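The values are calculated or read from the model by the stated rules, or taken from the named source; none is laboratory data. Everything quoted here is computed from the prediction, not taken from an experiment. Ideal geometry is used to build each Cβ from the backbone, glycine not excepted, and the neighbour counts take in all protein chains shown.
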Amino acid sequence: MAFQINIGDWKSKPSALTRLHSVKGGDYSKLRQCRWKLIKLCKESPACDAYFRSLPNGRTLTSLVNDSDVWVSLVEPCPFNYGESFETHKAIGVTALALLSSREQLFGTLIHEFAHINGVGSSGHAAELALFACGMGSWKEFLTGIDDPDTPYDPTIDG
């Protein structure tokens, strides 16, 4: 079983998560495709799991993706970010901005937020480095610190 996408069926949603809402229509389809892509990534990228294992909670991306207690929802309002995570509740919120962006950006947002679910705090670059570890950035970006807009990894993101 894999993480859940909230389509209005999250019956045990914690009352503290009032900003999280169900995902509808085409947005559900995009997230479902990202879920399959994450499952495939976990099978094909041991470096990705190794990086996640090094994070504070020590879980692999494979174990997080396969955790049916993790829920992904729409988060509102959150106009300038791509996502938000709620580690205590194993919840990820993706924004309308992320859902309107490319599928690669949405995919990268999920990886970044899974790093937060795995214990990465809201400061520092560790969550964004998860994208690089999972093959979603270039060495040039990593070494120079200059963002390549053609990859989801952004070396300038802190948090």
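Could you look through the range 76-116, keep only residues that are among the acidic types (Asp, Glu) and farther than 14 Å from Arg35 by Cα, and pick out the one that is modelled with the lowest pLDDT? Show your work before the answer.
So in the range 76-116, the residues among the acidic types (Asp, Glu) come out as 76, 84, 87, 104, 113.
With farther than 14 Å from Arg35 by Cα added as a condition, the list becomes 76, 84, 87.
Details: Glu76: 89, Glu84: 93, Glu87: 94.
Applying the filter and picking the extreme gives Glu76.
Which of the residues spanning the range 77-135 are assigned to a loop (DSSP other than H, G, I, E, B) and in contact with a Pro (Cβ under 6 Å, 6 or more places away or on another chain)?
Our first condition is that a residue be assigned to a loop (DSSP other than H, G, I, E, B); within the range 77-135, this holds for 77-82, 90, 95, 101-102, 118-125, 134-135.
Result: Gly119, single match.
Glu113 versus (1) within 18 Å of Lys30 (Cα to Cα); (2) free of Cβ contacts under 8 Å to residues at least 24 places away in the same chain; (3) in contact with an Asp or Glu (Cβ under 9 Å, 6 or more places away or on another chain): which is the lone unmet condition?
In the conditions (1) within 18 Å of Lys30 (Cα to Cα); (2) free of Cβ contacts under 8 Å to residues at least 24 places away in the same chain; (3) in contact with an Asp or Glu (Cβ under 9 Å, 6 or more places away or on another chain), Glu113 misses (2) alone.
Pick out the one residue from Ser73, Ser54, Ser63 that is in contact with a strand residue (DSSP E or B) (Cβ under 9 Å, 6 or more places away or on another chain) and either at pLDDT below 95 or among the polar types (S, T, N, Q) (or both).
Details: Ser54 fails: in contact with a strand residue (DSSP E or B) (Cβ under 9 Å, 6 or more places away or on another chain); Ser63 fails: in contact with a strand residue (DSSP E or B) (Cβ under 9 Å, 6 or more places away or on another chain).
Within the list Ser73, Ser54, Ser63, the selection yields Ser73.
Within the range 49-71, how many residues are assigned to a helix (DSSP H, G or I) and of a type outside the set (Phe, Trp, Tyr)? Give the derivation first.
If we filter the range 49-71 for residues that are assigned to a helix (DSSP H, G or I), which is where we start, we get 49-53, 61-65.
From what's left, of a type outside the set (Phe, Trp, Tyr): 49-50, 53, 61-65.
Qualifying residue count for the region: 8.
Out of everything in the range 64-101 that is among the small types (Gly, Ala, Ser) and within 21 Å of Asp158 (Cα to Cα), what residue ends up being surrounded by the fewest Cβ atoms within 10 Å (Cβ to Cβ)?
Here is the first cut: in the range 64-101, the residues among the small types (Gly, Ala, Ser) are 68, 73, 83, 85, 91, 93, 96, 98, 101.
Going one step further and asking which of them are within 21 Å of Asp158 (Cα to Cα), we end up with 83, 85, 91, 93, 96, 98, 101.
On the way: Gly83: 23, Ser85: 23, Ala91: 25, Gly93: 24, Ala96: 15, Ala98: 26, Ser101: 18.
By that ranking, first place goes to Ala96.
Can you confirm whether the range 41-48 contains a residue that is assigned to a helix (DSSP H, G or I), under 22 Å from Cys134 (Cβ atoms), out of contact with any Leu (no Cβ under 7 Å at 6 or more places or on another chain) and basic (Lys, Arg)? Working first, answer last.
Kept after step one, since they are assigned to a helix (DSSP H, G or I), are these residues of the range 41-48: 41-44, 46-48.
With under 22 Å from Cys134 (Cβ atoms) added as a condition, the list becomes 41-44, 46-48.
Still in the running and out of contact with any Leu (no Cβ under 7 Å at 6 or more places or on another chain): 41, 43-44, 46-47.
Right, trim to basic (Lys, Arg) and you get 43.
There is at least one residue in the range 41-48 that is assigned to a helix (DSSP H, G or I), under 22 Å from Cys134 (Cβ atoms), out of contact with any Leu (no Cβ under 7 Å at 6 or more places or on another chain) and basic (Lys, Arg).
Results for (1) touching a helix residue (DSSP H, G or I) at 6+ places or on another chain (Cβ under 9 Å); (2) not charged (D, E, K, R), shown as yes or no for each residue.
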site: Trp36; (1), (2): no, yes
site: Asn57; (1), (2): yes, yes
site: Thr60; (1), (2): yes, yes
site: Tyr82; (1), (2): yes, yes
site: Glu87; (1), (2): yes, no
site: Ile92; (1), (2): yes, yes
site: Ala98; (1), (2): yes, yes
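With the structure loaded, tell me whether Gly159 is surrounded by fewer than 21 Cβ atoms within 10 Å (Cβ to Cβ), touching a helix residue (DSSP H, G or I) at 6+ places or on another chain (Cβ under 8 Å), of a type outside the set (Val, Ile, Thr) and at positive phi or whether it fails that test.
yes
Give the residue that is surrounded by the fewest Cβ atoms within 10 Å (Cβ to Cβ), with candidates limited to residues of the range 1-59 that are aromatic (Phe, Trp, Tyr) and within 26 Å of Gly121 (Cα to Cα). Steps first, please.
First pass over the range 1-59, keeping only residues aromatic (Phe, Trp, Tyr): 3, 10, 28, 36, 51-52.
Filter once more, keeping what is within 26 Å of Gly121 (Cα to Cα): 3, 10, 51-52.
Values: Phe3: 22, Trp10: 18, Tyr51: 21, Phe52: 26.
Once the filter is applied, the top-ranked residue is Trp10.
Where residues in the range 103-150 are of a type in the set (Ser, Thr, Tyr) and more than 20 Å from Phe80 (Cβ to Cβ), which of them is surrounded by the most Cβ atoms within 10 Å (Cβ to Cβ)? Show your work before the answer.
Within the range 103-150, the subset of a type in the set (Ser, Thr, Tyr) is 109, 122-123, 138, 144.
Remaining after also requiring more than 20 Å from Phe80 (Cβ to Cβ): 138, 144.
Details: Ser138: 17, Thr144: 11.
Here the residue is Ser138.
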